[in-house]
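Here the structure is laid out as structure tokens; the discussion comes afterwards.
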Amino acid sequence: MNKKTVKILGVDFINEHFDGMVDLISAKIVEEQKTFIVTANPEIVMHAHKDNEYYSIIKEADYVVPDGYGIILASKLLKQPLKERVTGFDLTISLLEKANRLNWSIYLLGGQAEVNALATNNITEKYPNIKIAGSHHGFFDLKDPEIVDDIKNSSPDIIFVALGFPRQEKWIGEHYGEFSKGIFIGVGGSIDVLAGTVKRAPIIWQKLKVEWLYRLIKQPSRWRRMLALPEFLIEVIKLSVRNKD
């Protein structure tokens, strides 16, 4: 199946509605087709824009989804509007709900040991029909073969990789060829929300498209990372001007 994509600063985003994306992933699970998904926000795009090694990993992904209103805005500025924002957290929740209905298995990789344990316990309580194939905290050497072997032996349907960017994509890129099945999706800080140690922005903040501001208020240490957003928009505006010439 050909994918309809929108290119933003060299990164190809799949142009699909949220529900359509869930259906695409579900079909891959049923068919046991190995799949690599990147949930990309402006920060990830800018990192890929500057780091050739990281960019090459992103290019190998089966799907890059627009996680962030900045990506949606950029697509409109470039006159190629993406259909809908597809956040890593919402995708995670939808996949967990579907896994619970269909008895799929998952592996949770990332977070501090106590956060990983809390998230795993919360998933087990809320989604009792999900099989927890395994879990491991995120503090390990990316080349550690034991984690790869554990995932291969437990053969989960979905591997939620919550190592934060760029580490999670680098880990997937490093070991993806060693697996024969599984949905590998980078979900970053979603594990903290699943664990209950971090709250997601209230719905009103999400609707006003200022979820990033809520996170910044709650975690002021993120301010350096937020600088990527204006930088990203400047690069997009430059590109849109060049495209008009």
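The values are calculated or read from the model by the stated rules, or taken from the named source; none is laboratory data. As the structure is a prediction and not an experimental result, all values here were calculated from the model. Here the Cβ positions follow ideal geometry from the backbone for every residue, glycine too, while neighbour counts run over all protein chains shown. Each accessible area value is taken on the protein alone, full model and side chains, heavy atoms only, with ligands, DNA and RNA left out. Shrake-Rupley method; radii C 1.70, N 1.55, O 1.52, S 1.80 Å.
Of note:
- P(r) of the chain over all Cα-Cα pairs, binned every 10 Å from zero, in whole percent: 7, 32, 38, 19, 3, 0
- With every protein chain in place, the range 66-214: carbon and sulfur % of accessible area (1.4 Å): 53
- For a label point 7 Å along the Cα-to-beta-carbon line of T197, residues of the range 115-144 with backbone N under 15 Å: 115-123, 136-140
- FRET efficiency for D149 and S180, using Cβ-Cβ distance with R0 set to 22 Å, rounded to 0.05: 0.95
- Entry comment: accessible area of the range 7-118 is 40 Å² per residue, from protein heavy atoms only and a probe of 1.4 Å.
- Stretching E53 away from N129 to a fully extended chain increases their span by 23.5 nm, per 0.36 nm per residue minus the current alpha-carbon distance.
- Calculated Rg and Dmax of the range 6-74 using C-alpha coordinates, Å: 12.4, 37
- Among K143, K98, K131, the largest mean-square fluctuation in a Gaussian network model of the chain (Cα springs under 10 Å) belongs to K143.
- Of the peptides 229-235, 62-68, 86-92, 178-184, the ranking by mean beta-carbon count within 10 Å, highest at the top, reads 62-68, 86-92, 178-184, 229-235.
- Positive-pole candidate from L102, Q80, P66, dipole of the range 63-136, charges at beta carbon: Q80
- Cβ crowding within 10 Å averaged over residues, with 104-113, 188-197, 71-80 ranked highest first: 104-113, 188-197, 71-80
- Ranking Y55, Y176 by solvent-accessible area of protein heavy atoms (1.4 Å probe, all protein chains present), from largest to smallest, gives Y55, Y176.
- Only Lys, Arg, Asp and Glu carry charge here, each on its Cβ (+1 for the first two, -1 for the last two); on that basis the chain has a dipole of about 1080 debye about its Cα centre.
- Net lengthening on full extension, D19/I234 (0.36 nm per residue, minus Cα-Cα): 74.3 nm
- Helix axis angle, 18-30 relative to the chain longest principal axis, alpha carbon, degrees: 40
- Chain lengthening between D12 and F140 when straightened (0.36 nm per residue, less Cα-Cα): 43.1 nm
- Between the amide H of G188 and those of L163, G164, distances stay under 5 Å, these residues lying 5 or more places away or on another chain, with hydrogens modeled in the peptide plane.
- Cα long-axis angle, helix 145-154 against the chain (0 to 90 degrees, to the nearest 10): 70
- Taking the DSSP bridge list for the chain and keeping only pairs wholly inside it, about 15 percent are antiparallel.
- Net charge dipole size for the range 5-146 [Lys, Arg +1 and Asp, Glu -1 on Cβ; Debye, nearest 20]: 400
- Max mean-square fluctuation residue, GNM over the chain, Cα-Cα springs under 10 Å, options V115, V22, V30: V30
- Farthest toward the positive end of the dipole of the chain, out of I172, Q112, V187, is the Cα of V187, where the dipole comes from beta carbon charges about the Cα centre.
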